[in-house]
Every structure is written in structure tokens, then in C-alpha cells.
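A short reminder: the numbers here are calculations on the coordinates, not readings from a lab. The model shown is predicted, which means the values in this text are computed figures rather than measured ones. Every residue, glycine among them, receives a Cβ derived from its backbone with ideal geometry; neighbour counts consider all protein chains shown.
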Amino acid sequence: MANLKAILPLNTQTFVPPETRSTSPRNELTGDRKAKLSRTSTPKVRTGCVTCKKRHVKCDEAKPHCGNCLQTRRHCEGYLAGPKKKTSAPAQICWDSRQVACQAQAPSPTAQTRLNTNARDFPHDAGLIYFQEFVHLLRGPWIGAASGGDLWLVMLPQLARNNTTLRSAAMAIGALSVWCRQSAFESLRAVTAPDHPTRQEDVHYFQAVTHYCDSLKLQRARSSLQDAVFLSVLLLFFETLRGDRKAALDHVNHALTLLLAIVTDPDAALHLSDLAPNPRPVIGVVAEVFNQLARQARTVFRGRILDGPPLPDLKRILRNKKQTMESFLILLSQMKSDCAVEGTIPPVFRSLDEFEQTWPTMRRHQTALSSIMEDAVRNADINGSRDEDGFEQLHTDLLGNSHISEYCTDFQKSMDRLDAAFQPLFKHILSSDIESPDYLRAILLRLEFLGVYIFNNAASFLKVDSVMALAPLFREYLSLSQIAIRTAKEEARKNPATQMSLQRGLAWYILFTSLFSRDPVIRDEAVWMLRDYPGQDGLWNTRALYALALRNRHLERLNAVESTPEGQWRRLWRREFMFENGGDRVVLRYMDKDESTGAWRLVEETADIQGEDESVQWTRQPITGHGGLLLLDLYTTSSQDTAMAIPTWK
């Protein structure tokens with residue numbers, strides 16, 4: 001258990017707090033002084049901000065921050081809430097556990113969460129405004145419309161309302177959302193954090209950082225497993241929202257290390273009662289978020305590739321525990337799927353909730369496929385080789401592996417049954433009111449299903465003919481994506497912060513469509529969708545994804561000059577890419593024809609992504625590292641052999 005305790009305090013060495021509020025001296029308004037005679041005329045106004053009261057100056061009582069403080073660039077500490085106000089705190093966010101139990105057979109994690117019902121009210125009006133903004137943000141369609149909505153819509157708001165540490169983090173997110181809403185940014189990808197206040201609305205940004213730092217201080221003062229688990233989600237959300245992907249990577253690194261201790265430490269179960277009476281569903285909801293972020297982090301480096309892995313602490317502890325990344329991800333997926341409805345898929349789903357109860361089980365088998373591919377790559381034993389024939393043989397063996405092929409076939413059959421049961425409900429919802437919350441939710445769930453159905457069938461990418469047969473599915477994915485993106489843009493007009501999501505893989509699959517589809521019209525449509533993509537999907541820099549898709553158009557033209565379609569497809573297998581500097585630098589490898597010799601050779605290029613400028617300069621450089629497959633860096637996280645329980649199809 002010592003390992004778990006060592007992980008609990010958040011590592012704050014990478015977070016340098018800016019100027020925060022000064023320590024409040026003794027309140028001069030309540031000090032022991034000689035009583036003064038009461039006024040005979042108008043009573044003294046006592047509704048000014050705390051800062052103006054301390055300075056003994058007249059306050060203009062502007063909210064959430066007074067104009068005097070803004071003009072003198074002082075920190076406005078807000079307004080004391082009157083004792084007789086009945087609106088000093090937001091309404092409690094409650095759920096009906098009986099209603100949840102009727103909707104799903106599995107116990108709802110939100111109905112079992114242990115809460116502190118004696119939380120104090122908000123001391124200042126500004127904090128109340130920021131918390132209400134936080135709750136409103138999480139209710140947006142882009143964040144909680146698809147799977148995982150329980151975490152965002154119910155669990156986090158309720159926990160944050162009744163927990164001082166989490167409430168500070170929630171107010172930080174709310175203040176950042178207010179800043180985004182009042183700023184002139186048209187989309188979240190255009191947001192740039194200020195170094196110092198240059199506009200009136202910038203005060204909300206620095207208030208957000210203040211609350212962010214407060215949450216870290218409170219966590220250090222009171223080591224709590226519940227705080228550590230949920231604070232990791234909130235602080236990750238904060239850093240991703242303000243565009244600091246390097247800091248977001250640090251939070252992912254810490255959170256995954258904590259989750260690894262929880263799921264592998266034999267004594268950890270004794271301390272999980274702090275989370276809930278039945279902690280597995282609660283941990284499962286959080287694990288689902290970080291399961292997807294862990295996959296993103298394998299392609300996004302904090303610095304350069306040679307500087308080390310993106311998640312150094314996690315890699316070290318994985319090695320110590322004789323685990324691999326894939327075996328760990330299987331454990332995380334089991335946390336959620338164990339709480340899902342097991343058994344046969346119904347003939348027809350009656351509701352989206354029923355579909356979501358089955359979906360985690362399917363995602364668990366998707367994770368298992370990755371572990372099978374990891375074993376195949378490790379057994380290939382070509383690390384450090386520059387033999388192109390060996391690489392081509394690896395792709396053939398990997399995509400045509402009998403074990404992988406058999407698993408993919410069984411997986412597709414189960415996905416087909418799931419699709420057949422979902423289609424009647426999906427068509428019924430699409431024919432109903434487009435303003436209904438279920439409309440966008442159904443589309444996002446369908447997109448999540450298609451992403452897994454298309455891109456997790458490795459065998460379908462072996463031959464060019466089988467890839468061409470995927471064209472109808474690519475078209476459906478882009479068509480539904482257009483609807484989802486259009487909705488996101490409508491919400492963005494009110495507040496760009498609503499485009500943030502930690503679990504959405506939409507931009508990633510649009511990129512894959514632009515890379516793998518053999519229909520040039522489909523590829524171009526995917527490229528232009530990435531150009532106009534408004535949101536932020538986890539750790540990925542969507543501007544870098546667009547630059548990569550645009551560069552691939554050039555590669556497709558170069559590759560089409562010779563060979564048969566099958567030969568061209570095999571050369572495209574050698575395309576590989578990574579993201580450095582927190583996603584602001586793209587590293588791309590591909591096969592290029594040497595005009596002097598006429599031979600095709602592997603080359604490497606980089607591009608720095610800066611702002612919204614589309615004129616990205618690609619620079620050729622020597623091959624990084626040993627010159628082998630970057631794929632090996634993705635899957636050989638640990639040299640230890642690990643026995644993994646791979647689920648089988650029934």
C-alpha cells in the first residue's frame with residue numbers, strides 16, 4: 001500500500017502558479033474598536049467588494065469583479081454573501097437511484113457515490129457564478145451526449161458541490177469557460193492563453209488559475225483517494241481547455257499511475273471505500289476516460305521522441321509490476337465492462353441507455369485485440385532492422401495473422417449483431433425532432449460504433465480490394481460527422497469551451513479516413529472537415545491532424561506515379577507519424593522515390609504547427625533513432641512477458 005500512498009499527492013513541480021491572491025490580513029471591518037455613533041441619514045453601504053473594503057475606498061459594485069480593482073490591476077476578492085440570501089448556493093444536483101435502476105439492470109455508479117452533505121456555501125458571488133458556469137458547461141451536448149455522460153452530467157457536479165478541493169477545481173473550469181465565452185475566439189482551437197491581463201475579460205482567466213492553484217494546495221493538505229481520482233479528471237479538463245497539452249500529459253501520467261496502483265495493489269481495495277460503497281463502477285467510469293487518453297498519449301510526446309516516453313512514471317511502474325501497456329488497458333476496460341450488462345444482445349434496443357450498457361463489453365474485446373497485435377509485433381523481432389522486405393513481411397504477417405484474423409472475424413460478427421439491434425432505434429430517433437437531446441446522442445454513439453467497426457478490423461486493411469470495399473462505411477462516417485460538427489459549431493457561437501471533450505475520437509477517425517480510404521473524393525472531404533474542425537479532442541492538436549491530412553494528399557500523388565494499386569498500397573504501409581512538443585510538431589515518415597536512382601526509400605519530415613496559419617513548412621531530416629518501425633515504439637512498452645487473460649467470444 002506504500003506505493004499507492006506515494007502516488008496520492010499530486011506532482012505539482014511542472015505547474016508554476018502565477019501571481020495569486022495575497023494572504024488576507026485580519027478583517028479590519030470586524031476588529032475590536034471603539035464603537036462609533038450610528039448615522040442619522042442613509043445607512044452605510046456594506047455590499048462593496050472585499051478588496052475595496054480593505055482599502056477603505058468606494059466600490060462601484062460591478063460584478064463579478066468591481067471596476068476599481070480592474071482599473072488599478074488589483075486582485076478583486078469578490079463580494080461577501082449576505083447571511084439572509086437564500087440563493088447563496090446553487091440547487092443540489094440529485095439523481096433518483098430508483099429511476100436509474102429501472103433504466104438499467106446494472107447498478108448505477110452515480111447512485112452509490114458517497115457524498116459529504118455538510119459542505120459550506122460559496123463565500124463569494126464570483127465563486128457561485130463560476131460553479132454554475134461549470135455545471136452548465138458539462139451539460140453541453142459535446143461533452144456528455146455520448147458514453148460516459150454519467151460522469152460529466154451527474155457524478156462530477158455533485159461531488160464538486162460537496163467537496164472543497166473538487167469545488168475549487170470546478171470553479172477554475174467555470175472561470176475559464178466564462179473567459180472563453182466573453183473572449184472573441186470563434187473556436188476552441190484558436191484560444192490563446194494571455195500572459196497578463198490586456199482586456200477586461202482576462203480577469204476571469206487569472207481567477208481560473210487562482211482556483212486551479214487552490215485545488216492543488218487543498219489536495220496537498222488533505223491526502224484523499226477520492227480527491228486524487230476525481231481531481232485528476234478535473235485538472236486534466238482544465239489544462240486541455242486552455243490548450244496546455246504538455247501539462248495535460250503530466251496529469252494523464254499521474255492519473256494512470258494512480259489507477260495502476262489501484263487495480264494492481266492487493267491492499268488497495270481496503271482503502272477504496274472512500275470512493276463509494278461499491279467502488280468498482282465509480283473507478284470504472286474514470287478508467288474509461290483515461291483508457292482512451294492512454295492510447296492518445298502513445299503518439300503525443302511532451303518533448304522530442306528521443307527525450308523519453310510520453311508517460312515516464314507509468315512506464316517505470318509498469319515494468320516494476322511486470323505489466324505492459326496493453327495488459328494494463330485490459331484491466332482498465334474490465335473495471336467498466338464488469339459493471340455492464342453481460343449476456344446476449346437483445347433483438348432490438350429499446351433505449352440509448354440500454355445500448356450504452358452493452359457497449360463497454362464490446363470495447364473490452366477491442367482492447368484485447370490490441371494486446372494480440374502487441375504480441376505479434378514483439379515476436380517479429382525486427383527491432384532496429386532497416387530491411388524494407390522485413391517490414392513488408394511484418395505487415396503481411398501482422399494483418400494476415402491467423403489468430404488476429406479469427407478474432408477480427410468473431411468480433412465483426414458480434415458487432416453486426418449489435419448493429420442490427422441498434423438500427424431500428426437509431427432510425428426512429430433520426431426521424432424524430434432534431435432538437436431532441438437524443439438526436440445528437442444517437443449520432444455520436446453511432447459514430448463511436450463505426451469508428452470501432454471500421455478501424456479495429458486489421459484484416460480488412462491487408463489488401464487494397466478489401467480497403468476499397470469500406471467506402472460506404474467511410475461515407476457514412478463522414479456524413480454523420482458533418483451533422484455532429486455542425487451542432488458543435490452552433491454551440492461554439494455561444495461559448496467555444498463547449499467544443500472540449502476528453503473522450504471524443506471524432507477528429508482522429510476523420511484523419512484515418514483521409515489516410516486509408518482509396519476514394520480520392522472521400523479523402524478530400526475528410527481533409528476539409530479537419531480544416532474546419534472546431535473542437536478539441538483530448539490530447540490531440542486538431543490543427544496538427546489537419547496538417548498531416550493535407551500533407552498526405554501530396555504523398556498520394558507521389559505514390560501514384562508507378563506500380564499496381566496493390567504495390568502502391570504496400571508502399572503506403574510505411575507511412576508513420578508521431579507528435580512532439582505536446583502535439584505542436586509533426587514527425588512523418590513515408591516512402592519517396594529517389595529521382596537519381598529510381599529507388600523508393602524511407603524519408604522523414606517534420607512540421608511545426610503555429611496558430612491558425614495553414615502555410616505549414618515541411619522540413620526533411622535524418623531518420624530518428626534506429627530507423628526501424630515507429631510501430632515498435634508504440635507496442636514494446638515493456639520487455640517483460642505478461643500473461644494476459646484475453647476474453648473469448650461466446
Which of D150, D267, D524 comes first, and how do the rest follow, when ranked by fewest Cβ neighbours within 10 Å? D267, D524, D150
Give me the compactness ratio for region 404-536, meaning the Cα radius of gyration over 2.2 N^0.38 Å. 1.10
Spin-label pair H196/E612, simplified geometry with 7 Å Cα→Cβ offset, distance in nm: 2.6
Residues of region 179-199 with amide N under 15 Å of the 7 Å Cα→Cβ point at H136: 179-183
Tell me the label-point distance for the pair K593, D465, using the 7 Å Cα-to-Cβ offset, in nm and rounded to one decimal. 2.6
Difference of contour (0.36 nm per residue) and Cα-Cα distance, E186 to R557: 130.2 nm
What FRET efficiency would be calculated for the residue pair R417, E566, taking the C-beta separation as r and a Förster radius of 22 Å, to the nearest 0.05? 0.10
